[in-house]
Amino acid sequence: MTSIVISGSGLYTPSHSISNDELVASFNQYVDAYNARYAEAIVAGSKSQLEHSSSEFIFKASGIKSRYVVEKSGILDPDRMRPLIPERADDEPCLLAEFGIKAAQEALERAGREAGDVDLVIVACSNLQRAYPAIAIEIQQHLGCVGYGYDMNVACSSATFGIGAAADAIRSGTARCALVISPEITSAQLNFRDRDSHFIFGDVATAVVVEAEETCRSDNAFRLLGAMFKTEFSNNIRNNFGFINHCEPEKPDISDRLFRQNGRKVFKELLPLVGRVNQEHLQKLGLRPSELKRLWLHQANLTMNLFAAKKLLGREPDEQTLPIILDRYANTSSAGSIIAFHLYSDDFAPGEKGLLSSFGAGYSVGSVILERC
Ligand SMILES: CC(C)(COP(=O)(O)OP(=O)(O)OC[C@H]1O[C@@H](n2cnc3c(N)ncnc32)[C@H](O)[C@@H]1OP(=O)(O)O)[C@@H](O)C(=O)NCCC(=O)NCCS
């Protein structure tokens, strides 16, 4: 069977960053204004008083200290609480494409590839900016790639599933060189008025080049030893935004069209699934957990990552084994594990192995085992 490699990766980080203290100050201003406006209704019991958020809680519950975002002022304005994103003309690159292009350019450069070598572009992410035409086709055209492109969404597992799809396309001969791009503008789907989740997400874009080992020009490539995927339906992470909304009866509260989750249940139900998939995958390949130099895990929550790593390795993970980027990036959905891979893979010697694993809404779990060529 054709040996497949990741021959380069790229990362685009927006320039705006919001600390927990800044986010909490804006949230608490909103809460105070709300409680003052509805003071009578709160006393009468027809509305509930809102509670303040706190930086200490956020760090303790999630491990997040700050997050990068596409636009900061609109999020921090207590009267708006969402990024201010100007509309663009149809003949300009859309925002998601612009994010993806920047990450893709770095991935191509690291892979020693020209855009014209790429004959498959997959945009794999949680939130697609529009229904059609595919963002991937827009990026294909903008970069000058050939072949074909399509968008796909498996929420936080999109990037690993995308790598699997690209590898399958190359093995089957429908493509020779693929870009798997994960632009995540998560701040646009986040309800910044929801105390339970207003701190969770950040914006970023990642990209990887996937190709056959025999065509690879990079001297820092990683061979795909295997990929395993699993999905099980759950409503515990959900966003009801979609084109059918337009036809639904109007309602005052449309917060279900933004991200919402039952975080505790996610924690309890998803972790065992992650453990099972990764263990089964290692067994299938005849590998022991101790043979993994690094775990590039999805970055949603620090406790969750520590738990998943300890369960797999049978010991407390150190910083070398389990790099954490969510302190400064927060949860960047499908891009999280790829950011960790991009920033923490240069120190691998040939033959050393690592696990790239994603997990999230669906539920979905992706497990990709890589070996430095
Ligand atoms: C979301 C998450 C960080 C919340 O952490 P948690 O420890 O479960 O916190 P809870 O929601 O149970 O709330 C605990 C307490 O903190 C309070 N709290 C919630 N948000 C708060 C905030 N922003 N500031 C201060 N206190 C807060 C709650 O009211 C609750 O108080 P109580 O104990 O008096 O009832 C955590 O559940 C999580 O990360 N889950 C997995 C999420 C995930 O991976 N999702 C995938 C998305 S792709």
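Read-outs throughout are calculated quantities, based only on the coordinates presented, and are distinct from any laboratory measurement. Remember, it's a predicted structure, so these values are computed and weren't measured experimentally. When we count neighbours, we look across all protein chains shown, and the Cβ atoms used for this are built from the backbone with ideal geometry, even at glycine.
Points to keep in mind about this one:
- Tensor-based shape of the stretch 304-373 (alpha-carbon gyration tensor, a/c under 1.5 rounded, otherwise prolate or oblate): rounded
- Cα gyration tensor, the stretch 102-189 - rounded (a/c under 1.5), prolate or oblate: prolate
- Formal net charge of residues neighbouring Q283 (Cβ-Cβ distance under 13 Å; K, R +1; D, E -1): +1
- Shape class of the stretch 222-372 from the Cα gyration tensor (axes a ≥ b ≥ c, square roots of the eigenvalues): prolate, since a/c reaches 1.5 or more and a/b is larger than b/c.
- Placing dummy labels 7 Å off each Cα toward the beta-carbon, the span from F241 to T174 is 2.8 nm.
- The chain: most fluctuating residue of Q189, Q105, Q49 per GNM, C-alpha cutoff 10 Å: Q49
- The orientation-averaged projection of the convex hull spanning the C-alpha atoms of the stretch 18-61 amounts to 3.4 square nanometres.
- Distant-in-sequence amide H partners of V154 (H built 1.01 Å from N, under 5 Å): C125
- Selection from L295, L285, Y344, by position along the positive dipole direction of the stretch 222-372 (Cβ): L285
- P(r) weight above 36 Å for the chain, C-alpha pairs, percent: 22
- Phi angles of the stretch 265-276 translate, via the Karplus equation with coefficients 6.51, -1.76, 1.60 and θ = phi - 60°, into HN-Hα couplings of 5, 4, 3, 6, 8, 7, 4, x, 5, 4, x, 4 Hz per residue; Gly and Pro are given as x.
- For S197, S364, S182, S26, order by how many other beta-carbon atoms lie within 10 Å, fewest first: S197, S26, S364, S182
- For the stretch 318-325, putting each phi into the Karplus relation 6.51 cos²θ - 1.76 cosθ + 1.60 with θ = phi - 60° gives couplings of 8, 5, 5, 6, 10, x, 10, 10 Hz, in residue order, rounded to whole numbers and with x for Gly and Pro.
- The chain - percent relative contact order, Cα under 8 Å, separation 6 or more: 23
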